[in-house]
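Trainee: The structure that follows is given in the form of C-alpha coordinates.
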Amino acid sequence: MQMNFIDALDHVAIAADDTQSLVKWYERMLGLVVAAQTEPQNPSGQRTYLVGPPGEEGVTRGMMLEIMPRNEHVRRPRDSHDPGISHVAWRVDDFDAAYAHLSANGVGFVGAVVQAVGGGRLISFVDCEGNLMQIVERSRG
(Lines give C-alpha, C1' and ligand atoms only; values in the text may rest on other atoms or scores of the structure.)
Protein backbone atom coordinates (compact mmCIF):
# COMPACT_ATOMS: atom_id res chain seq x y z
CA MET A 1 0.00 0.00 0.00
CA GLN A 2 1.20 3.48 -0.84
CA MET A 3 0.21 6.50 1.21
CA ASN A 4 -1.11 9.51 -0.68
CA PHE A 5 0.01 12.79 0.85
CA ILE A 6 -1.28 16.27 0.23
CA ASP A 7 1.18 19.09 -0.45
CA ALA A 8 1.65 20.33 3.11
CA LEU A 9 2.68 19.14 6.54
CA ASP A 10 -0.32 19.46 8.85
CA HIS A 11 1.42 20.65 12.02
CA VAL A 12 4.43 20.47 14.30
CA ALA A 13 3.83 20.56 18.06
CA ILE A 14 5.69 22.68 20.60
CA ALA A 15 5.28 22.09 24.33
CA ALA A 16 5.39 25.60 25.81
CA ASP A 17 5.95 27.13 29.22
CA ASP A 18 3.24 29.73 28.48
CA THR A 19 1.01 28.80 25.54
CA GLN A 20 -0.81 32.13 25.33
CA SER A 21 2.42 34.17 25.32
CA LEU A 22 3.96 31.94 22.66
CA VAL A 23 0.85 32.26 20.47
CA LYS A 24 0.99 36.05 20.80
CA TRP A 25 4.68 36.00 19.79
CA TYR A 26 3.89 34.02 16.62
CA GLU A 27 0.97 36.33 15.83
CA ARG A 28 3.23 39.38 16.12
CA MET A 29 6.40 38.02 14.52
CA LEU A 30 5.08 35.72 11.77
CA GLY A 31 1.52 36.96 11.33
CA LEU A 32 0.07 33.56 12.29
CA VAL A 33 -3.56 33.31 13.38
CA VAL A 34 -5.37 30.94 15.74
CA ALA A 35 -7.22 28.22 13.81
CA ALA A 36 -8.48 26.33 16.87
CA GLN A 37 -8.05 26.19 20.61
CA THR A 38 -9.12 24.03 23.51
CA GLU A 39 -10.62 25.01 26.81
CA PRO A 40 -8.06 25.40 29.62
CA GLN A 41 -6.56 22.02 30.50
CA ASN A 42 -5.56 20.61 33.88
CA PRO A 43 -3.17 20.69 35.59
CA SER A 44 -1.66 23.79 33.90
CA GLY A 45 -4.88 25.71 33.27
CA GLN A 46 -3.51 26.59 29.82
CA ARG A 47 -5.10 26.09 26.41
CA THR A 48 -3.71 24.18 23.44
CA TYR A 49 -3.72 26.16 20.18
CA LEU A 50 -3.38 25.45 16.47
CA VAL A 51 -1.86 28.48 14.72
CA GLY A 52 -0.91 29.00 11.10
CA PRO A 53 -0.71 31.46 8.21
CA PRO A 54 -3.94 33.28 7.40
CA GLY A 55 -5.84 31.96 4.40
CA GLU A 56 -9.10 32.58 2.61
CA GLU A 57 -11.09 30.64 5.22
CA GLY A 58 -9.16 31.39 8.37
CA VAL A 59 -6.01 29.29 8.34
CA THR A 60 -4.57 27.44 5.39
CA ARG A 61 -4.52 23.67 5.49
CA GLY A 62 -1.20 22.54 6.87
CA MET A 63 1.80 24.61 7.92
CA MET A 64 0.47 24.91 11.46
CA LEU A 65 1.99 24.81 14.91
CA GLU A 66 0.25 23.09 17.77
CA ILE A 67 1.22 24.99 20.90
CA MET A 68 0.44 22.88 23.94
CA PRO A 69 1.25 23.11 27.66
CA ARG A 70 4.50 21.43 28.62
CA ASN A 71 4.74 18.79 31.30
CA GLU A 72 6.59 19.19 34.60
CA HIS A 73 9.99 18.09 33.23
CA VAL A 74 12.74 20.68 32.96
CA ARG A 75 13.66 21.75 29.42
CA ARG A 76 17.10 20.42 28.55
CA PRO A 77 19.45 22.65 26.55
CA ARG A 78 20.10 21.29 23.06
CA ASP A 79 22.17 22.13 20.03
CA SER A 80 20.73 22.17 16.52
CA HIS A 81 22.27 18.80 15.62
CA ASP A 82 21.26 16.92 18.77
CA PRO A 83 18.99 13.92 18.09
CA GLY A 84 15.34 14.76 17.50
CA ILE A 85 13.57 17.54 15.67
CA SER A 86 15.99 20.43 15.24
CA HIS A 87 13.91 23.29 13.86
CA VAL A 88 10.85 24.34 11.90
CA ALA A 89 11.45 26.13 8.57
CA TRP A 90 8.80 28.52 7.22
CA ARG A 91 8.90 29.02 3.44
CA VAL A 92 8.48 32.67 2.44
CA ASP A 93 7.94 34.30 -0.95
CA ASP A 94 10.00 37.43 -0.21
CA PHE A 95 13.01 36.58 1.93
CA ASP A 96 14.28 40.16 2.13
CA ALA A 97 10.92 41.51 3.37
CA ALA A 98 10.54 38.69 5.91
CA TYR A 99 14.10 39.19 7.14
CA ALA A 100 13.57 42.96 7.46
CA HIS A 101 10.31 42.42 9.40
CA LEU A 102 11.94 40.00 11.84
CA SER A 103 14.96 42.29 12.25
CA ALA A 104 12.77 45.33 12.93
CA ASN A 105 10.94 43.35 15.62
CA GLY A 106 14.12 42.32 17.43
CA VAL A 107 14.12 38.60 16.63
CA GLY A 108 17.18 36.77 17.94
CA PHE A 109 18.91 35.49 14.80
CA VAL A 110 21.27 32.54 15.02
CA GLY A 111 24.13 32.91 12.57
CA ALA A 112 23.98 34.58 9.18
CA VAL A 113 21.96 34.09 6.01
CA VAL A 114 23.18 30.88 4.36
CA GLN A 115 22.44 28.84 1.26
CA ALA A 116 19.65 26.33 1.89
CA VAL A 117 20.16 22.66 1.13
CA GLY A 118 18.43 22.15 -2.22
CA GLY A 119 18.74 25.81 -3.23
CA GLY A 120 17.63 29.17 -1.95
CA ARG A 121 18.62 30.91 1.25
CA LEU A 122 17.69 30.76 4.90
CA ILE A 123 18.34 32.19 8.31
CA SER A 124 17.70 30.69 11.72
CA PHE A 125 16.17 32.44 14.73
CA VAL A 126 14.70 31.57 18.10
CA ASP A 127 11.19 32.26 19.36
CA CYS A 128 10.48 33.74 22.80
CA GLU A 129 10.86 30.30 24.46
CA GLY A 130 14.07 29.34 22.66
CA ASN A 131 12.64 27.07 19.92
CA LEU A 132 14.73 27.16 16.75
CA MET A 133 12.93 28.38 13.62
CA GLN A 134 14.00 29.37 10.12
CA ILE A 135 12.69 31.38 7.22
CA VAL A 136 13.63 29.94 3.86
CA GLU A 137 13.19 31.14 0.30
CA ARG A 138 13.56 28.48 -2.36
CA SER A 139 14.95 29.17 -5.79
CA ARG A 140 12.20 29.52 -8.33
CA GLY A 141 12.46 27.32 -11.30
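The values are calculated or read from the model by the stated rules, or taken from the named source; none is laboratory data. Owing to the predicted nature of the structure, the values given are computational and were not obtained by experimental measurement. Note that each Cβ is placed from the backbone with ideal geometry, even for glycine, and that neighbours are counted across all protein chains shown.
Trainee: Could you pull out the residue among Ser80, Ser86, Ser139 that is exposed (fewer than 12 other Cβ atoms within 10 Å of the Cβ) and within 18 Å of Val12 (Cα to Cα)? Talk me through it step by step, then tell me what you get.
Mentor: On the way: Ser86 fails: exposed (fewer than 12 other Cβ atoms within 10 Å of the Cβ); Ser139 fails: within 18 Å of Val12 (Cα to Cα).
None of the other options fit; the residue is Ser80.
Trainee: Consider Leu30 against the criteria (1) surrounded by fewer than 17 Cβ atoms within 10 Å (Cβ to Cβ); (2) at negative phi: it satisfies all of them except one. Which criterion is unmet?
Mentor: The single condition Leu30 does not satisfy is (1).
Residues checked against (1) part of a strand (DSSP E or B); (2) in contact with a His (Cβ under 7 Å, 6 or more places away or on another chain); (3) among the acidic types (Asp, Glu):
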position	(1), (2), (3)
Glu66	yes, yes, yes
His73	no, no, no
Trp90	yes, no, no
Tyr99	no, no, no
Val114	yes, no, no
Leu122	yes, no, no
Met133	yes, yes, no
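Trainee: Oh, and also: For the range 10-52, enumerate the residues that are in a strand (DSSP E or B), among the polar types (S, T, N, Q) and over 19 Å from Gly130 (Cβ atoms). Break it down into steps so the answer makes sense when it comes.
Mentor: The initial filter retains those residues of the range 10-52 that are in a strand (DSSP E or B), namely 11-16, 33-37, 41, 46, 49-52.
Now narrow it down to the ones that are among the polar types (S, T, N, Q): 37, 41, 46.
Matches in the range 10-52: Gln37, Gln41.
Trainee: Taking the range 102-112, which residues are free of Cβ contacts under 8 Å to residues at least 60 places away in the same chain and either in a helix (DSSP H, G or I) or within 15 Å of Arg28 (Cα to Cα) (or both)?
Mentor: Ser103, Ala104, Gly106, Gly108
Trainee: What are the residues in the range 32-86 that are in contact with a Pro (Cβ under 8 Å, 6 or more places away or on another chain) and at pLDDT 80 or above, if any?
Mentor: Initially, the range 32-86 is screened for residues in contact with a Pro (Cβ under 8 Å, 6 or more places away or on another chain), giving 32-33, 41, 44, 46-48, 59-60, 63.
Across the range 32-86, the qualifying residues are Leu32, Val33, Gln41, Ser44, Gln46, Arg47, Thr48, Met63.
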